Amino acid sequence: MVKVGIIGATGYAGNELVRLLLGHKDVEIVWLGSRSYVDEKYSDVYRNMFKLVDAKCLDDNMEALASEVDVIFTATPQGLCASLVNDDILNKTKIIDLSADFRLKNVNIYEEWYKIEHKAPQYIDEAVYGLCEINRDKINKDTRIIANPGCYTTTSILTLYPMVKEGIIDPDTIIIDAKSGTSGAGRGAKVNNLFCEVNESMKAYGVGTHRHTPEIEEQLGYAVNRDDIKLIFTPHLVPMNRGILVTAYANLTKEVTYDEVKAIYDKYYGDEFFIRVLEKDICPETRWVEGSNFVDIGFKIEPRTKRLIMMGALDNLVKGAAGQAVQNMNLMFGFEENEGLKMAPLFP
């Protein structure tokens, strides 16, 4: 039985981790860390856990936690994990970090886009980018740090990667239009996320400056051995609880048929449990992936403008955060990759 600790257990992603891990046959949750709710019963913070979780919230003492668990999930704001991790901790336990602290390999780019100093740059090269469907061969029992990708990046990269890798699209022409439910902004009280501010409205934000942009560029760059890809990424806030929908556009490098593009997606994802390449003329919808670890992908060839339109949808709290983290844990400990994650999407 793998013993698990969660730092940031009272955020949305942390609570989703608890929900998923309760259904994992090989896991015991022994530490629910939260700065805001120390000594409060977890089920008082999240009443969906009444009679399921009796434990009280503990603090975020990673040093103490490392001696008690086999793996630590850090569902925390940017900068916290990097400020806590050290050699002693990594010699005792594994870390799956849901923040962006170890996603970018260039510390200067991290500090430029996140506007904070990186406290542990010595571990950046060691950290494995935990996008399982692309980096599965790099995740194993010897992996000590996983940089768990976020929701926008996971949707964008998985939707685009096969087309970039096979040279079907020009990566320098990529435009990503992305939509997110409000849970992606976290549980903290913010005026911009109040019901009256969000309901009956949609808005773009982080236009030209969103910090997930360099992460998408970096990962797609690996597909073509380039470090200079530049793309446009524009996120939007949508008045729904969960979900990410990405619509990406790029110039085709040659004429292709539907069957040729479909064959490429099937080549990369045909055997993937969590990626569902949809049938012709069916577009992804967030409602069909809600509450699950699935990613739905569709595409449309636009011959008039010689562009390819690629679409992807996932649940930002599951495949975009906690579910992907559990998937990474399964690979690290040699479990079935889909253990604890086989649930069908919720509907309605």
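The values are calculated or read from the model by the stated rules, or taken from the named source; none is laboratory data. Values in this document were obtained by computation on a predicted structure and should not be read as measured data. So basically every Cβ, Gly included, is an ideal-geometry build from the backbone, and we count neighbours across all protein chains shown. Protein only, heavy atoms only, side chains kept; ligands, DNA and RNA dropped before computing areas. Shrake-Rupley method; radii C 1.70, N 1.55, O 1.52, S 1.80 Å.
Quick notes on this structure:
- Exclusive hit being at pLDDT 95 or above, open to solvent by 50 Å² or more (accessible area, probe 1.4 Å) and either closer than 26 Å to Gly79 by Cβ or hydroxyl-bearing (Ser, Thr, Tyr) (or both), set Glu16, Glu28, Glu40: Glu40
- Scoring Gly208 on the criteria (1) surrounded by 12 or more Cβ atoms within 10 Å (Cβ to Cβ); (2) outside any strand (DSSP E or B); (3) out of contact with any helix residue (DSSP H, G or I) (no Cβ under 9 Å at 6 or more places or on another chain); (4) not acidic (Asp, Glu) leaves a single failure, condition (1).
- Note on the stretch 112-128: among residues that are closer than 26 Å to Gly208 by Cβ and more than 19 Å from the chain's Cα centre (by Cα), the one that is most open to solvent (accessible area, probe 1.4 Å) is Lys115.
- Qualifying residues in the stretch 134-152 (those that are outside any helix (DSSP H, G or I), charged (D, E, K, R) and in contact (Cβ under 8 Å) with a residue 40 or more places away in the chain) - the one most open to solvent (accessible area, probe 1.4 Å): Lys141
- Helices (runs of 4 or more DSSP H) enclosed by the stretch 41-113 - at least 1 residues per element that are closer than 23 Å to Gly323 by Cβ and among the hydroxyl-bearing types (Ser, Thr, Tyr): 42-45
- The listed residue being under 15 Å from the mean Cα position of the chain (by Cα) and open to solvent by 10 Å² or more (accessible area, probe 1.4 Å), out of Leu131, Leu98: Leu98
- Condition check for Leu308: more than 22 Å from the chain's Cα centre (by Cα), surrounded by 17 or more Cβ atoms within 10 Å (Cβ to Cβ) and more than 29 Å from Asp142 (Cα to Cα): yes
- Look at (1) open to solvent by 30 Å² or more (accessible area, probe 1.4 Å); (2) more than 19 Å from Val164 (Cα to Cα) and you find that Val224 fails only one, number (2).
- Hey, Asp315 among the acidic types (Asp, Glu), within 13 Å of the chain's Cα centre (by Cα) and open to solvent by less than 10 Å² (accessible area, probe 1.4 Å) or not: yes
- Within the stretch 153-186, tally of residues that are more than 20 Å from Asp259 (Cβ to Cβ), open to solvent by 10 Å² or more (accessible area, probe 1.4 Å), modelled with pLDDT of 95 or more and not in a helix (DSSP H, G or I): 4
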